[in-house]
1. Is it the case that Phe133 is within 15 Å of Leu62 (Cα to Cα), surrounded by 20 or more Cβ atoms within 10 Å (Cβ to Cβ) and either in contact (Cβ under 8 Å) with a residue 12 or more places away in the chain or basic (Lys, Arg) (or both)?
2. Any idea which of Arg216, Arg158 is charged (D, E, K, R) and either exposed (fewer than 11 other Cβ atoms within 10 Å of the Cβ) or assigned by TED's automatic domain parsing to the domain that holds Tyr25 (or both)?
3. Take region 95-141 and flag every residue that is assigned to a strand (DSSP E or B) and of a type in the set (Ser, Thr, Tyr).
4. May I ask you to list the residues in region 47-69 that are over 14 Å from Cys175 (Cα atoms) and either polar (S, T, N, Q) or over 18 Å from the mean Cα position of the chain (by Cα) (or both)?
5. Taking interchain pairs and intrachain pairs at least six residues apart, which have beta carbon atoms under 8 angstrom, with the first residue in region 32-55 and under 14 Å from Phe132 (Cβ atoms) and the second assigned to a helix (DSSP H, G or I) and of a type in the set (S, T, N, Q)?
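The values are calculated or read from the model by the stated rules, or taken from the named source; none is laboratory data. No experiment lies behind these values; they were computed from the predicted model shown. Positions of Cβ are backbone-derived with ideal geometry, glycine not excepted, and every protein chain shown enters the neighbour counts.
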Amino acid sequence: MKEIARDKTITLWQTPFNQHEVSKYDVKPASGKRDWIDREIPHMYRCLPVLIANQSGWTVHLPCDVEVLWRGGGSQKNIHFWTDIGRRPEIKQPANNLVDSIFGAGIFTFFFDFFIRTPHKINLLVRGAPNFFVDGAHPLEGLVETDWLNYTFTMNWRATRPDHLIRFRKDDPICFIQPMPHRYGEEFDLKVRSVYEDHELLASYQANEKSRDQFRQQVKETYQRGEKPAQVWQRHYFDGIDARGVAGASEENHTVKTHHSTVTRCPFGHGDSQKDQTE
């Protein structure tokens with residue numbers, strides 16, 4: 001396996017119009033919180049894969065409200081944008097300096113006033129924030145070689161249905177960036193086997209399936225009686241064990257809490273740096 005870079009610093013180079021300005025966009029360590037989970041299903045935060053995915057990177061946040069309307073078709077002229085930046089919220093203005101249509105086909109592009117440099121052979125996976133949704137639009141993904149890049153990249157979304165007003169709100173995370181070693185996926189091979197070839201693995205799998213099916217049925221029956229289940233999740237994955245109580249994980253390969261990354265903001269000139277941390 002290739003050696004991963006020892007330098008762990010990622011540098012965001014701001015590129016405002018003059019040296020006394022800062023980027024319009026705010027970049028933060030990704031939060032595990034999601035408004036829809038808080039509002040509708042807060043016990044989902046107990047699902048470690050969701051929580052850890054939410055926090056595994058940094059998010060780029062909008063400086064203002066943005067509205068997008070796609071009329072359908074492939075032309076760049078069939079998509080329109082408005083923003084309230086620099087004016088009272090009730091007065092809209094074109095958003096061409098922030099977002100525009102380049103590709104057509106309902107795709108719209110956010111332009112960043114910064115570029116990012118990563119250590120040697122570390123790329124950035126640029127995509128939408130995990131488990132964050134915008135009605136009527138879907139984020140596109142790109143893998144960017146930021147270890148040599150000295151200019152900005154963009155974030156692209158695609159409208160999913162015509163004549164629907166897409167609303168992005170100020171401080172929405174419109175982009176998620178996550179480090180990834182260069183050509184990392186090429187280092188692995190996928191082998192397909194039958195679980196019946198491994199008797200111990202088969203026993204563990206069958207015990208888990210039986211336990212999970214029984215638990216799901218109990219929860220379903222409790223809801224059908226109009227009652228609230230005492231427990232709506234099993235702790236097996238959280239505790240790193242199977243249904244038999246056999247440990248399958250260790251501290252080296254099991255994460256229950258992320259080590260919060262930071263963003264160090266270096267002011268122009270000299271002075272103390274300011275650090276942001278995840279929630």
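1. no
2. Arg158
3. Within region 95-141, Ser101, Thr109 qualify.
4. Result: Cys64, Asp65, Val66, Glu67, Val68, Leu69.
5. Gly32/Asn54; Gly32/Gln55; Lys33/Asn54; Arg34/Asn54
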